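Below is one structure; the comments refer to it alone.
The values are calculated or read from the model by the stated rules, or taken from the named source; none is laboratory data. Predicted, not measured: the structure shown is a model, and the values here were computed from it. Every residue, glycine as well, gets a Cβ built from its backbone with ideal geometry; the counts of neighbours run over all protein chains shown.
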Amino acid sequence: MLYPIQNEVRSVMELNGIWDVSIERQSVSGSNMPLTDCFKVYVPGSINDQVRDEKIRNHVGDFWYRREVYVPNYLFSQRIVLRFGSVTQRADVYVNGKQVFSHIGGFTPFEFELNKYIRVGKNELEVKVSNILDNTTLPVGYHLKTEDKEEVIPLFDFYNYCGIHRSVVLYTTNDTYIKDIDINYQIKENYAMVLPKVEIVGDYDNIIYEILDDTENVVSASDDIHNLLVDSPRLWQPMNAYLYTLRVKVFSNGRLVDIYSEKFGIRTIEIKNNQLLINGKSYYLKGFGRHEDFPVLGKGHNGAVTVLDHNLMKWMGANSYRTSHYPYAEEDLRLADEEGLLVIDEAPGVGLYSRFNFDVSKNNADNSTWSWVQTQEHHKQVIQELVTRDKNHPSVIAWAIANEPAGHHPGACEYFKPLVELTKSLDYEHRPVVVPNIVNATPELDEITKLVDIICLNRYYGWYIDHGNLNESLEKLKKEVETWHEKYPDKPIMFSEFGVDTVPGLHSLYENPYSEEYQRDYYQAYFDVFDEYSYVIGEHLWNFADFVTGRNLRRIDGNLKGIFTRDRRPKSVAYDIRKRWTSMD
Ligand code: GCB
């Protein structure tokens with residue numbers, strides 16, 4: 001799905017700002033009834049941390065958002081599209097009292113044509129937002145409902161923030177419009193052949209494709225996609241990005257009816273001899289698993305936070321991150337493209353583990369995951385939405401289609417095989433597919449790793465296993481790395497998560513868990529292991545910053561495994577890691 005842009009033909013109008021929200025539906029379209037029991041919520045932003053009332057903060061079920069939208073008469077000569085960047089977890093959209101659209105899935109955009117539902121001037125827009133998660137949704141939760149209580153117990157470790165989390169816009173196009181663009185290319189000896197696939201709706205008689213360099217010079221132009229050649233292309237390199245623009249112009253009777261500019265980078269990605277090669281050169285991934293999570297905003301997108309987080313990652317010497325555990329705002333990826341950061345782009349396939357427990361030794365009590373979850377169809381939908389949204393981003397180097405599923409429960413392979421195939425088939429580049437692995441899905445039992453391109457391990461030896469005992473746990477870590485390598489010698493291994501909860505300002509002379517010293521020792525010990533193996537191709541620390549979780553005996557004010565606090569102050573370990581990463585070639 002294309003990002004909304006304004007240009008010669010298209011216009012964009014933001015509907016962000018303060019909306020009215022209530023638990024019960026408040027308005028009857030057309031009436032001037034005063035709204036009672038409404039509270040105010042800023043969009044984009046999670047509801048939960050904008051309200052004082054705990055009942056509202058913890059409400060399970062529906063929230064009704066409402067606002068008026070004034071539509072100027074001049075827009076009506078065009079298609080008017082209403083687009084939501086994301087609504088978590090489900091949205092039912094009502095226009096002037098009538099339900100017109102629904103979308104399930106909290107982390108991808110959706111849009112629909114509005115013309116037939118609106119009039120010139122004042123219109124009423126309502127969105128029923130639900131935060132229910134169950135065994136048919138992703139993420140997965142246990143949905144418990146009795147006569148006097150409704151609850152969602154998350155099978156994952158982050159707070160189930162809800163609301164309209166990303167921008168809401170009205171944008172316009174003509175009746176003939178560019179619906180989608182896939183920018184495929186092939187790199188030859190000293191030129192690149194760009195082969196865009198453009199989907200157009202409506203009548204037209206001519207299309208012109210132009211390729212512009214980063215100073216906006218047209219380097220190639222044609223009405224035939226087979227003639228789009230870029231001589232001596234400048235490659236998009238990690239941390240040294242170079243972006244070209246594909247400009248598509250659509251004409252009808254000599255009149256320009258649509259135009260869209262999409263940036264892209266020219267580069268290759270390959271997995272070969274257990275290495276990750278970008279433009280033929282092997283790269284080591286240094287970076288983080290992250291969350292969209294910030295005080296007050298919750299999971300609401302805020303451009304200033306995106307910019308700061310990217311600056312902090314670059315300051316640390318990172319070259320990559322994973323969008324754990326769901327697709328992030330489109331603005332994040334657009335920035336990563338400009339900055340040369342590498343992104344493992346993750347679908348919200350999290351919680352696929354029956355009776356998941358932080359005490360991993362208890363996780364083997366039940367092996368029924370794949371008979372209990374009914375998420376496969378929805379999983380296909382979220383993968384499709386992820387790949388079609390993000391396919392043209394050069395920053396995206398791999399797709400993570402789930403996080404820590406029960407890869408060792410019967411049925412895991414049957415569940416994942418079609419999903420891996422689908423992901424590859426949707427992506428013209430066939431980028432690597434990964435599924436970060438949980439420690440219980442051992443090399444002997446796991447059924448998923450054979451399907452993926454990079455072995456991604458989330459490991460907590462010294463924390464959930466052998467808590468506080470680094471020496472013993474590292475022997476286990478080494479043994480495990482070697483066992484995976486023996487089983488899959490051609491596949492690279494990366495650590496997609498490892499870390500320890502650390503209370504900022506807590507110091508200890510000893511190896512005391514939760515202290516800043518323990519976090520420093522833990523990371524140093526892991527790094528010493530990674531550096532022994534050439535086939536370990538990356539380290540993503542868990543987590544970039546502390547984040548909010550549900551209430552749990554093991555969580556003191558959330559998950560404290562951040563290298564930065566939730567308000568982005570560095571813990572001591574940040575300086576060690578910065579030293580390591582900035583001195584690594
Ligand atoms: C994991 C999960 C992540 C948790 C983390 C932890 O394995 O993938 O979502 O937050 O462990 O800190 O327990």
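Pairs please, first residue from segment 279-305 and more than 20 Å from Asp557 (Cβ to Cβ), second anywhere and among the hydroxyl-bearing types (Ser, Thr, Tyr) and surrounded by fewer than 21 Cβ atoms within 10 Å (Cβ to Cβ), Cβ atoms under 7 Å, 6+ apart in sequence or on different chains.
Within 7 Å, the pairs are Asn279/Thr268; Gly280/Thr268.
What number of residues in segment 420-454 are part of a helix (DSSP H, G or I), among the hydroxyl-bearing types (Ser, Thr, Tyr), touching a residue at least 12 places away in the same chain (Cβ under 8 Å) and more than 21 Å from Ser368 (Cα to Cα)?
Narrowing segment 420-454 to residues part of a helix (DSSP H, G or I): 420-426, 449-451.
The next check asks that each one be among the hydroxyl-bearing types (Ser, Thr, Tyr); those that pass are 423, 425, 449.
The next check asks that each one be touching a residue at least 12 places away in the same chain (Cβ under 8 Å); those that pass are 423, 449.
From what's left, more than 21 Å from Ser368 (Cα to Cα): 423.
Here the count works out to 1.
Could you tell me how many of the residues in segment 147-167 are surrounded by 19 or more Cβ atoms within 10 Å (Cβ to Cβ) and of a type in the set (D, E, K, R)? Give the derivation first.
From segment 147-167, those surrounded by 19 or more Cβ atoms within 10 Å (Cβ to Cβ) are 152, 154-167; that's our starting set.
After this cut, where a residue has to be of a type in the set (D, E, K, R) as well, the list is 157, 166.
Qualifying residue count, segment 147-167: 2.
Which of the residues spanning segment 336-380 are small (Gly, Ala, Ser), within 17 Å of His408 (Cα to Cα) and in contact with a Leu (Cβ under 6 Å, 6 or more places away or on another chain)? First the steps, then the outcome.
Residues of segment 336-380 small (Gly, Ala, Ser): 336, 340, 347, 349, 351, 354, 361, 365, 368, 371.
Next, only the ones that are within 17 Å of His408 (Cα to Cα) stay: 349, 351, 354, 361, 365, 368, 371.
Gly349, Gly351 - these are the residues of segment 336-380 that are small (Gly, Ala, Ser), within 17 Å of His408 (Cα to Cα) and in contact with a Leu (Cβ under 6 Å, 6 or more places away or on another chain).
Taking the options Asn217, Asn240, name whichever one is under 29 Å from Ile455 (Cβ atoms) and surrounded by fewer than 16 Cβ atoms within 10 Å (Cβ to Cβ).
Numbers: Asn217 fails: under 29 Å from Ile455 (Cβ atoms).
None of the others qualify; the one that does is Asn240.
Quick one: in segment 332-360, which of the residues that are in a helix (DSSP H, G or I) and under 11 Å from the mean Cα position of the chain (by Cα) is nearest to the ligand (Cβ to nearest atom)? Lay out the reasoning, then the answer.
So the first thing to find is which residues in segment 332-360 are in a helix (DSSP H, G or I), and the list is 332-339, 360.
Remaining after also requiring under 11 Å from the mean Cα position of the chain (by Cα): 332-333.
Details: Asp332: 18, Leu333: 21 Å.
Ranking the candidates gives Asp332 first.
Could you list, in sequence order, the residues of segment 155-210 that are among the aromatic types (Phe, Trp, Tyr) and in contact (Cβ under 8 Å) with a residue 60 or more places away in the chain? Don't jump to the end; show me each part of the working.
Within segment 155-210, the first condition is being among the aromatic types (Phe, Trp, Tyr), and the residues that meet it are 156, 158-159, 161, 171, 177, 185, 191, 204, 209.
Correct list: Phe156, Phe158, Tyr159, Tyr161, Tyr171, Tyr177, Tyr185.
Keeping to segment 133-146, report how many residues are touching an Asp or Glu at 6+ places or on another chain (Cβ under 8 Å) and surrounded by fewer than 20 Cβ atoms within 10 Å (Cβ to Cβ).
Residues of segment 133-146 that are touching an Asp or Glu at 6+ places or on another chain (Cβ under 8 Å), as a first pass: 140-145.
Subsequent filtering for residues that are surrounded by fewer than 20 Cβ atoms within 10 Å (Cβ to Cβ) retains 142-145.
Total satisfying the criteria: 4.
When you scan segment 364-371, do you find a residue that is under 24 Å from Lys263 (Cα atoms) and buried (at least 19 other Cβ atoms within 10 Å of the Cβ), even just one?
Here is the first cut: in segment 364-371, the residues under 24 Å from Lys263 (Cα atoms) are none.
No, segment 364-371 contains no residue that is under 24 Å from Lys263 (Cα atoms) and buried (at least 19 other Cβ atoms within 10 Å of the Cβ).
What number goes with the only condition from (1) touching a strand residue (DSSP E or B) at 6+ places or on another chain (Cβ under 6 Å); (2) buried (at least 20 other Cβ atoms within 10 Å of the Cβ); (3) assigned to a helix (DSSP H, G or I) that Tyr415 does not pass?
Result: Tyr415 fails condition (1) only.
When you scan segment 66-120, how many residues do you find that are within 26 Å of Gln384 (Cβ to Cβ) and among the basic types (Lys, Arg)?
Result for segment 66-120: 3.
Among strands (runs of 3 or more DSSP E) lying entirely in segment 42-144, which contain 3 or more residues that are touching a residue at least 24 places away in the same chain (Cβ under 8 Å) and out of contact with any Pro (no Cβ under 8 Å at 6 or more places or on another chain)? Walk me through how you get there before you give the answer.
Working: elements: 62-71, 79-84, 90-95, 98-104, 110-113, 121-130.
Counting at least 3 such residues, we get 62-71, 79-84, 90-95, 110-113, 121-130.
Name the helices (runs of 4 or more DSSP H) wholly within segment 469-585 that hold at least 2 residues that are within 30 Å of Ile271 (Cα to Cα) and within 16 Å of the ligand (Cβ to nearest atom)?
Values: elements: 470-487, 516-530, 573-582.
Fully inside segment 469-585 and qualifying: 470-487, 516-530.
Since Ile537 meets every condition but one in (1) of a type in the set (A, V, I, L, M); (2) under 30 Å from Tyr142 (Cβ atoms); (3) modelled with pLDDT of 95 or more, which condition does it not meet?
(2)
Considering only segment 311-331, state which residues are under 23 Å from Cys456 (Cα atoms), of a type outside the set (D, E, K, R) and away from the ligand (no atom under 16 Å from the Cβ).
Step one: filter segment 311-331 for residues under 23 Å from Cys456 (Cα atoms), giving 313-314, 316-328.
Of the ones still in play, those that are also of a type outside the set (D, E, K, R) are 313, 316-321, 323-328.
Residues satisfying the conditions are Met313, Met316, Gly317, Ala318, Asn319, Ser320.
Assuming Glu404 fulfils every condition listed in (1) modelled with pLDDT of 95 or more; (2) of a type in the set (D, E, K, R); (3) away from the ligand (no atom under 16 Å from the Cβ) apart from one, which condition is it?
That leaves (3) as the condition not met.
Name the pairs whose Cβ atoms lie under 6 Å apart, with the first residue in segment 469-496 and without any contact (Cβ under 8 Å) to a residue 60 or more places away in the chain, the second among the charged types (D, E, K, R) and surrounded by 15 or more Cβ atoms within 10 Å (Cβ to Cβ), and 6 or more positions between them or separate chains?
So the pair list comes out as Glu472/Asp466; Ser473/Asp466; Phe495/Glu539.
Before we move on, is Ile493 of a type outside the set (Gly, Ala, Ser), surrounded by 19 or more Cβ atoms within 10 Å (Cβ to Cβ) and more than 13 Å from Ile438 (Cα to Cα)?
Details: of a type outside the set (Gly, Ala, Ser): yes; surrounded by 19 or more Cβ atoms within 10 Å (Cβ to Cβ): yes; more than 13 Å from Ile438 (Cα to Cα): yes.
Criteria met by Ile493.
Report yes if Thr388 is surrounded by fewer than 21 Cβ atoms within 10 Å (Cβ to Cβ), more than 16 Å from the ligand (Cβ to nearest atom) and among the β-branched types (Val, Ile, Thr), otherwise no.
Considered against the rule, which asks whether it is surrounded by fewer than 21 Cβ atoms within 10 Å (Cβ to Cβ), more than 16 Å from the ligand (Cβ to nearest atom) and among the β-branched types (Val, Ile, Thr), Thr388 comes out as yes.
Which count do you get for residues in segment 387-413 that are closer than 20 Å to Thr137 by Cβ, of a type outside the set (A, V, I, L, M) and more than 15 Å from the chain's Cα centre (by Cα)?
So the count comes out to 4.
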